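Take a look at the structure set out below.
The values are calculated or read from the model by the stated rules, or taken from the named source; none is laboratory data. Values in this document were obtained by computation on a predicted structure and should not be read as measured data. Neighbour counts are summed over all protein chains in view; Cβ atoms, including those assigned to glycine, are modelled from backbone coordinates with ideal geometry.
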Amino acid sequence: MEGIEHRIVEVNGIKMHIAEKGKEGPVVLFLHGFPELWYSWRHQIAALGSLGYRAVAPDLRGYGDTEAPSSISSYTIFHLVGDIVALIDSLGVEQVFLVAHDWGAIIGWNLCLFRPERVKAYVCLSVPYLPRNPKIKPVDAMRAVFGDDYYVCRFQEPGKTEAEFAKSPELVMKAMLTGRSGKPLIIPKEGFLAFPEAIKSRPLPSWLSQQDINYYASKFEETGFTGGLNYYRNFNLNWELTAAWTGAQIKVPVKFITGDLDLVYLSFGSKQYIESGNFKKDVPNLEEVVIQEGVAHFNNQEAAEEISNHIYEFIKMY
């Protein structure tokens, strides 16, 4: 895309691919989710890079043109946050404006928890802060509520989901990006791609092109999905590793944005968590919550211009 440059940096023992626009100005660092890439932020990189900011978006560990260690245990939250701290160091700055979505949002919350001095302000999309419940491991809790066919539970078995997804990365990306049910993501016994014709015949929304899907698919055809799936396989281990932060608050300034059709907002208890005031208790500098009407999970792509404007209006105050 015009004006976006690409390079490889060494961070935390791996080679990481980053896309960036803008040579000077405050750094805005974008973290993508699953199953995505730096490309998920293409619109925001262009917008913020044109407004005097240095917009930077990596392919996270295990994704795209960034290295993918083979061990599942190389994808703990400490590895993921460590990558981002090293990336910030490599950019030659002390602090960044952080913008993150989905799994990137989880990494973002933990960066704010572990190293708040590195974040000026945080614009978080889709996934609110998930405070550690000391009484139950997260995958165990999800299995108890949603059952064994819940996608996070199904992702736990090494090799199985990636083998299915490898059959057609294009269909996986189309199904994921265009899903709008708002219900918990249940993978049927027949598999995620059990009904390919239904996915193929689904029309693309105006904000998503076949070219976009092809870009994602081409990268996952090269790398497979194992890296991204390994993030989910460390949920319970992360719970053990972060015991010391039980009850800790997020102290950086935060703006949270989600769509009212987002499956995370509707099925994780997120709506109740936000409306009850508990979100604000855990994140006392939560400055604003934006609920976008008629928008689903991938709001940074579906409502790209609106998201770019929200980011700019928030970070320009700092």
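Looking at the stretch 12-27 only, could you name the residues that are within 10 Å of GLU67 (Cα to Cα) and not charged (D, E, K, R)?
GLY13, ILE14, MET16, HIS17, listed by residue number.
Among the candidates GLY259, GLY224, which residue alone is under 18 Å from the mean Cα position of the chain (by Cα), surrounded by fewer than 20 Cβ atoms within 10 Å (Cβ to Cβ) and within 22 Å of TRP41 (Cα to Cα)?
GLY224
Applying the selection to the stretch 238-267, what residues are in a loop (DSSP other than H, G, I, E, B) and either of a type in the set (S, T, N, Q) or free of Cβ contacts under 8 Å to residues at least 24 places away in the same chain (or both)?
Result: THR242, THR246, GLN249.
Part of a loop (DSSP other than H, G, I, E, B) and modelled with pLDDT of 95 or more: is that true of ILE106 in this structure?
So ILE106 does not fit the description; no.
Take SER181 and decide whether it is outside any helix (DSSP H, G or I), of a type in the set (Gly, Ala, Ser) and at pLDDT below 95.
Against the criterion (outside any helix (DSSP H, G or I), of a type in the set (Gly, Ala, Ser) and at pLDDT below 95), SER181 qualifies.
What's the total number of residues in the stretch 1-25 that are in contact (Cβ under 8 Å) with a residue 24 or more places away in the chain, more than 21 Å from ALA304 (Cα to Cα) and part of a loop (DSSP other than H, G, I, E, B)?
4
Any residue at all in the stretch 185-195 that's under 18 Å from the mean Cα position of the chain (by Cα) and either at pLDDT below 95 or polar (S, T, N, Q) (or both)?
Yes, that holds for at least one residue.
If VAL145 passes every condition in (1) within 19 Å of the chain's Cα centre (by Cα); (2) outside any loop (DSSP other than H, G, I, E, B) but one, which one does it miss?
(1)
Report yes if ALA47 is of a type in the set (A, V, I, L, M, F, W, C) and in a strand (DSSP E or B), otherwise no.
Spelling it out, it is not the case that ALA47 is of a type in the set (A, V, I, L, M, F, W, C) and in a strand (DSSP E or B).
Exactly one condition in (1) crowded, with 16+ Cβ neighbours inside 10 Å; (2) farther than 15 Å from GLU302 by Cβ is not met by GLU190; state its number.
It fails just one condition, (1).
For the subset of the stretch 287-318 comprising residues that are surrounded by 21 or more Cβ atoms within 10 Å (Cβ to Cβ) and over 19 Å from the mean Cα position of the chain (by Cα), which member is farthest from PRO116 (Cα to Cα)?
PHE314
Tell me which residues, restricted to the stretch 154-170, are in a helix (DSSP H, G or I), crowded, with 19+ Cβ neighbours inside 10 Å and of a type in the set (A, V, I, L, M, F, W, C).
PHE165
Considering the stretch 6-56 alone, what residues qualify as being on the phi < 0 side of the Ramachandran plot and among the polar types (S, T, N, Q)?
Let us first name the residues in the stretch 6-56 that are on the phi < 0 side of the Ramachandran plot, namely 6-11, 14-21, 23-24, 26-51, 53-56.
The answer is SER40, GLN44, SER50.
Listed residues ALA248, ALA243, ALA303; which is under 26 Å from PHE155 (Cα atoms) and at pLDDT 95 or above?
Within the list ALA248, ALA243, ALA303, the selection yields ALA243.
Please find, among HIS17, HIS43, the residue that is surrounded by fewer than 23 Cβ atoms within 10 Å (Cβ to Cβ), under 18 Å from the mean Cα position of the chain (by Cα) and more than 22 Å from TYR231 (Cβ to Cβ).
HIS43
Of a type in the set (A, V, I, L, M) and either in contact with a Leu (Cβ under 6 Å, 6 or more places away or on another chain) or assigned to a loop (DSSP other than H, G, I, E, B) (or both): does that describe LEU111?
On the way: of a type in the set (A, V, I, L, M): yes; either in contact with a Leu (Cβ under 6 Å, 6 or more places away or on another chain) or assigned to a loop (DSSP other than H, G, I, E, B) (or both): no.
Answer is no for this residue.
Residues to consider are ASP59, ASP149, ASP89; find the one that is acidic (Asp, Glu) and within 29 Å of SER218 (Cβ to Cβ). Working first, answer last.
Numbers: ASP149 fails: within 29 Å of SER218 (Cβ to Cβ); ASP89 fails: within 29 Å of SER218 (Cβ to Cβ).
Answer to the selection: ASP59.
Got a number for residues in the stretch 50-74 being aliphatic (A, V, I, L, M), surrounded by fewer than 24 Cβ atoms within 10 Å (Cβ to Cβ) and in a loop (DSSP other than H, G, I, E, B)?
Number satisfying all stated conditions: 2.
Looking only at the stretch 47-62, decide whether some residue is under 23 Å from GLY224 (Cβ atoms) and hydroxyl-bearing (Ser, Thr, Tyr).
no
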